[in-house]
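Have a look at the structure below, then the notes.
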Amino acid sequence: MCDIKEAKKLLKSKSNKKAKESYKKLIPTAEKVYGVYSKEFNKIVSRFKNCDFNFVEKLWKGNYLEEKILAAKILGKICNKNPELTLKLVKRFVKDIDNWAVCDVLATQGIRRIAKEKQRELFGLSRKLIKSKNPWERRFAIVLLINFAKDFTHKNEIKQIIKQAEKDKENCVKKALDWLKRKLGNV
C-alpha cells in the first residue's frame, strides 16, 4: 500500500492535460507537473494517509510538483505520531521549496496537527527563516504563522516577525504577507 512506485503510477494515471496546463500557469516555477485535478488528488491522499515517515521522505525526493504536495499532505496526516521527526523533516524539506504551492501546503497542512504542541519550535523556525536569503524560505516563515493567526495571544509575536519582511521585494513574500495580514485582520 505504501509503495512509492505505486504512488507515482497512480499520480501519472490521474494526470490530465487541462490540469497540467492550468498548473503550469498557476505555478510557473514548477518544472515537472503530472496535472492531477484536486478532486482526484485528494482521493490519492486518502489512499496513502496511513503511510510512514520513510514513505513521506521518499516521496518528497520526487521530481514532480504533485509528489512533494502529496508528501506534505501525508505528513500532515501522520505528524502527530512523531512531532519531533516531523519538525526535522520540515526543516530539511523547506530547503527544497521552489514554488508557492508546495510552500503553502507544507507550512499549513503539513504541520497543522502539531502546530499548537510545537508552537515554540515553529515560531523559532519562522524567526530564523524570515532572515533567509532564499525567498521561498522567507515565504514559508510567513505562511507558517497562519497556523497561529486566529490566536490573539500570538498577535504581537507575529507582528515582530513579519515586520522584518515589510520591505521585502520578492512577490512570493509580499503575497504571503498580504495573506497573513488578512488572516490577522490587517494587523
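Across segment 1-114, Cα pairs under 8 Å and at least six residues apart give a relative contact order of 26 percent.
In the elastic network of the chain, a GNM with C-alpha springs shorter than 10 Å, the most mobile of Glu137, Glu117, Glu66 is Glu117.
Straight Cα distances below 15 angstrom link Lys9 to the aspartates and glutamates Glu40, Glu66, Glu67, with same-chain residues fewer than 8 positions distant left out. Peptides 103-114, 37-48 ranked from most to least packed by the mean count of surrounding Cβ atoms within 10 Å: 103-114, 37-48. Distance between the C-alpha centres of segment 99-130 and segment 1-73: 20 Å, rounded to the whole angstrom.
Any chance you could run the full-extension gain for Ser46 through Thr108? It's 0.36 nm times the residue separation minus the Cα-Cα distance, nm to one decimal.
Working: separation 62, 0.36 × 62 = 22.32 nm, distance 1.77 nm.
Net length gain for the segment: 20.6 nm.
Can you compute the charge dipole magnitude of the chain about its Cα centre, using +1 on each Lys and Arg Cβ and -1 on each Asp and Glu Cβ, nothing else charged? Give it in debye, rounded to the nearest 20.
Values: 47 positive and 22 negative charges, 53 e Å.
Approximately 260 debye in magnitude.
Once the mean of 1/r is taken over each pair of separate Cα atoms and inverted, segment 115-187 shows a Kirkwood hydrodynamic radius of 11.9 Å. Straight-line reach from Lys183: which lysines fall under 20 Å, measuring Cα to Cα and dropping same-chain residues less than 8 apart? List returned: Lys116, Lys150, Lys155, Lys159, Lys163, Lys167, Lys174, Lys175.
Membrane-span-like helices in the chain, defined here as complete DSSP H runs extending at least 18 Å along the helix axis by their C-alpha atoms with mean Kyte-Doolittle hydropathy no lower than -0.5, are 65-78; this is a sequence and geometry rule, not a statement about a membrane.
Gyration tensor analysis over the Cα atoms of segment 1-114 returns equivalent ellipsoid semi-axes of 22, 16, 11 Å (largest first, whole Å).
Here each label is just a point 7 Å from Cα along the line to Cβ, and for Lys133 and Ser38 those points are 3.7 nm apart.
The label point for Asn54 and the one for Glu6, both projected 7 Å from the Cα toward the Cβ, are 1.5 nm apart.
No value in this document is a laboratory result; all are computed from the given coordinates. Because the structure is predicted, anything quoted here is derived from the model rather than measured. Positions of Cβ are generated from backbone atoms using ideal geometry, with glycine treated the same way; all protein chains shown enter the neighbour counts.
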